[in-house]
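Before any comments, here is the structure.
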Amino acid sequence: MEKIFDYIIHYSLLIIIFLFPFLFLPFTQEFFLTNKLYLLAFSVLFLLLISTIKITAIKKISWQKRSFDNLLVLFLLSFAISIVISSPNKVQALLNPNFGFLTFFSLTVLYFYLSRNIGIGDNRLEKRICCDLSLPILSISSFFLSIITIIFFFQPFKNVDLPQYLQFLKNPGFTPIGSQLDLAIFLGFFVGYGLIEILEKQRINKDKQLIFKFSLLTFNLIALSITLYSLLKPISTSSNQFQPVSTNLPPFRLSWYAAVEILKNPITAFFGVGVDNFASIFTRVKDIAYNQSPLWQFYSFNYSRSAILHLFTETGFFGFLVFSFFIFSILKQLIFPHLHQSSSIYINIHKSLSISFIYLLICLFLFPPSLIIWFLLFLVIAKISQISDRDVVNQVSTNLTKKIDLTELLPFYITTIVFSLIFLLGFGYLLGRSYAAEYYFKQSLISKSINEIYKKQFKAIQLNPYIEKFHREYAFLNLNIALNITLKELQKMSEEKNIEKNKQKIEELKLEFYSLVNQAINEGKWLIKLNSQNSINWASLAEIYRSIIGQAEKADIFSISSYQRAIVADPQNPTYRLNLGGIYYSLGNFEEATKIFEQAVVLKPDWPNAYYNLAWANFQKQNYQAAVAAMENVTRLLDPKKYRADYEKAKKELEEFKKKLPKEEKQISEEQKNQPFLTLPSPIPSITPQIQLPKEASPEAKY
């Protein structure tokens, strides 16, 4: 019976490994990493369940000690401590696919199974170790990925009429693994792995696998070349510059500054800023030079440029030192293997694993944390663990594996089974709710009915109320319904002659408007509760208040307060200042608006819209000289060919401004309509009387 369970676990592991690179499902907002994470998590749940049933059936617990076990558990513990002590949104930190606790917990459990899964069906240990199929199975996955990459490069569905949910198949860069960068890293791993295997076996002319391995290597090389071309191809601009791999990645410079920044506080120095909280420290170290780069519209990044720097920033010295000892322990095993040096089989395996491991370490230094890199790393570590400890090998070969007979320990036996089942049921229930929340949120995005969108987003929040994007979308959904449907209908009915006839309906609409606005504010405040260190959360709340200025009392004050908190969290962000200045401008406080617009100009001196708003603020103050100077900067910065309409508009207004220079006459006000680039802030039409927000609606009030 024990062998049956071993077979189930063995083949389950192979299926998991084979499917991992391919699995993507259009059931969640993010098709790829989210589903790969849940594949790992549910697979681990299944493996633990099989092991629990096995223990129940055979009434014995078997355990094989490995060299890396303690350090790996300690590494996982460092994540847990960082989340408990430092992470603002602890649940979101658990579910982060590239660098979250669930990711590393699943990979750790997978490592324990793989490192002890030394083949089956052969009595010779050496043969079983060398025939372990984890990496060979994954290399077959790389072959199919290569085929898909080559096919989609030629866009076979370009002219095919596909339904909306399959439109992604028209993308030439589509890959089931996720991103092009992850695909390049994955294929690069197996190009190196395949090359080493071919070089090791080329001296054996009759090796039947040599042709197959050469075919794998050829397809992987072709697909890798296509992927690198897609990442580095020239951008479609007049200047034939190359688009670097790091286009949408944070600079190394700021990633280093973020790592150094945690040293200023003893708690963050030791435990980091918390898992899933890199964005909060990135905004603190972002400088003016960043605003001059093409990345400036990315207000923040969730990941460091380097996975190693990210590890240090989010888990501090504790996590970094544990990981360093872990890596050092593996390198020591690779350099000084505890093996029979006369065995050429072991030496060849060590050679390929050493190069593969070093390749992944380089990827961790050069690229952001990635579920794909971690998956490959844990597979390689499991393989190294299988063959590195001679004592463990001898234990297995002489059947000295530790076994506990539970028939004589009935209380311990029952406790173990009960605890395992409770853990698995609880883990499965919470995991199922989390995935169901992702499913409902995705369904809300593709629903056509407002009622369906509303219900499904509400359902997603009910299932998992700790995901910030759920609350953000739901907040603006309530706000849009309030402003674009309820308010417009209310204004229309208020303008009709027979108001008395519609009095009850008007009161109902006012109540509905109040309820929707209040719900939007509550959702915005939930964002602050989940993570008050994130500037985007404060900016979202500020935008909610800003949208109801004129409809709700003190909305302007609350919006200004929220934008000020966003600026504290992201002091180098010119957009927040532009929006804050816009509120002052719409309220007629041109003095304060001018000061804020000037700060936006200082932070980003090549931004035409900042100068444009500054020009009009000065014009309203009747400071015409400053208005002309600012508008001249607008015309200087705008490209006449790319933004022709805006350029002509700015030129015309500049001429009007100049007419004011000789003698100051009456103020000119112009309506701004259909402005794709240059925009002035304008207040939303108000309703009378304005609704009174509860005290809890204040951004400073505790939710």
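The values are calculated or read from the model by the stated rules, or taken from the named source; none is laboratory data. What you see is a predicted model, and the numbers here were worked out from it, not measured in a lab. Glycine also receives a Cβ, built like all others from the backbone with ideal geometry; neighbour counts cover every protein chain displayed.
Some values worked out for this structure:
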read-out: Test result for ALA475, touching a Ser or Thr at 6+ places or on another chain (Cβ under 9 Å), in the same structural domain as VAL517 (by TED's automatic domain parsing) and over 30 Å from ILE61 (Cα atoms); value: yes
read-out: Subset of the stretch 547-564 that is at negative phi and small (Gly, Ala, Ser) - its residue that is nearest to the chain's Cα centre (by Cα); value: SER562
read-out: Given (1) closer than 27 Å to VAL568 by Cβ; (2) not in a helix (DSSP H, G or I), number of the condition ALA617 does not satisfy; value: (2)
read-out: Candidate set from the stretch 446-465 (those that are at pLDDT 95 or above and assigned to a loop (DSSP other than H, G, I, E, B)); member that is farthest from ASN534 (Cα to Cα); value: ASN464
read-out: Residues (among the small types (Gly, Ala, Ser) and under 16 Å from the mean Cα position of the chain (by Cα)) located in the stretch 266-284; value: GLY274, ALA279, SER280
read-out: Output for the stretch 424-475, where each listed residue is touching a residue at least 12 places away in the same chain (Cβ under 8 Å) and either under 17 Å from LEU40 (Cα atoms) or touching a strand residue (DSSP E or B) at 6+ places or on another chain (Cβ under 7 Å) (or both); value: LEU424, PHE427, GLY428, LEU431, ARG433, SER434, TYR435, ALA436, GLU438
read-out: Neighbours by Cβ (under 6 Å, 6+ apart or cross-chain): first from the stretch 228-257, within 19 Å of VAL285 (Cα to Cα) and modelled with pLDDT of 50 or more; second of a type in the set (Ser, Thr, Tyr) and in a loop (DSSP other than H, G, I, E, B); value: SER255/SER304; SER255/SER306
read-out: When residues of the stretch 87-108 are limited to those that are touching a Gly at 6+ places or on another chain (Cβ under 8 Å) and buried (at least 23 other Cβ atoms within 10 Å of the Cβ), the one farthest from TYR466 (Cα to Cα); value: SER87
read-out: Test: residue in the stretch 556-571 that is farther than 17 Å from ALA600 by Cβ and aliphatic (A, V, I, L, M); value: yes
read-out: So VAL602, is it at pLDDT 90 or above, surrounded by fewer than 18 Cβ atoms within 10 Å (Cβ to Cβ) and out of contact with any strand residue (DSSP E or B) (no Cβ under 6 Å at 6 or more places or on another chain); value: yes
read-out: Residue list for the stretch 262-281, filter: farther than 23 Å from THR103 by Cα and without any contact (Cβ under 8 Å) to a residue 40 or more places away in the chain; value: LEU263, LYS264, ASN265, PRO266
read-out: Criterion (outside any helix (DSSP H, G or I), surrounded by fewer than 17 Cβ atoms within 10 Å (Cβ to Cβ), more than 35 Å from the chain's Cα centre (by Cα) and at pLDDT 85 or above) met by exactly one of GLN667, GLN622; value: GLN622
read-out: Meets criteria (in contact with a Ser or Thr (Cβ under 6 Å, 6 or more places away or on another chain) and either crowded, with 22+ Cβ neighbours inside 10 Å or in contact (Cβ under 8 Å) with a residue 12 or more places away in the chain (or both)) for ARG577; value: no
read-out: Residue tally, condition touching a Phe, Trp or Tyr at 6+ places or on another chain (Cβ under 8 Å), farther than 19 Å from ASN531 by Cα and touching a residue at least 60 places away in the same chain (Cβ under 8 Å), over the stretch 553-574; value: 3
read-out: Number of the condition not met by LEU224 [criteria: (1) modelled with pLDDT of 85 or more; (2) under 30 Å from LEU445 (Cα atoms)]; value: (2)
read-out: Scope the stretch 565-597; condition under 29 Å from the mean Cα position of the chain (by Cα) and of a type outside the set (A, V, I, L, M); matching residues; value: ARG565, ASP570, PRO571, GLN572, ASN573, PRO574, THR575, TYR576, ARG577, ASN579
read-out: Verdict on LEU541 being surrounded by fewer than 24 Cβ atoms within 10 Å (Cβ to Cβ) and in contact with a Pro (Cβ under 9 Å, 6 or more places away or on another chain); value: no
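Yes/no per residue for (1) part of a helix (DSSP H, G or I); (2) surrounded by 14 or more Cβ atoms within 10 Å (Cβ to Cβ); (3) hydroxyl-bearing (Ser, Thr, Tyr); (4) at pLDDT below 80:
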site	(1), (2), (3), (4)
LYS127	yes, no, no, yes
ILE137	yes, yes, no, no
SER141	yes, yes, yes, no
TYR165	yes, no, yes, yes
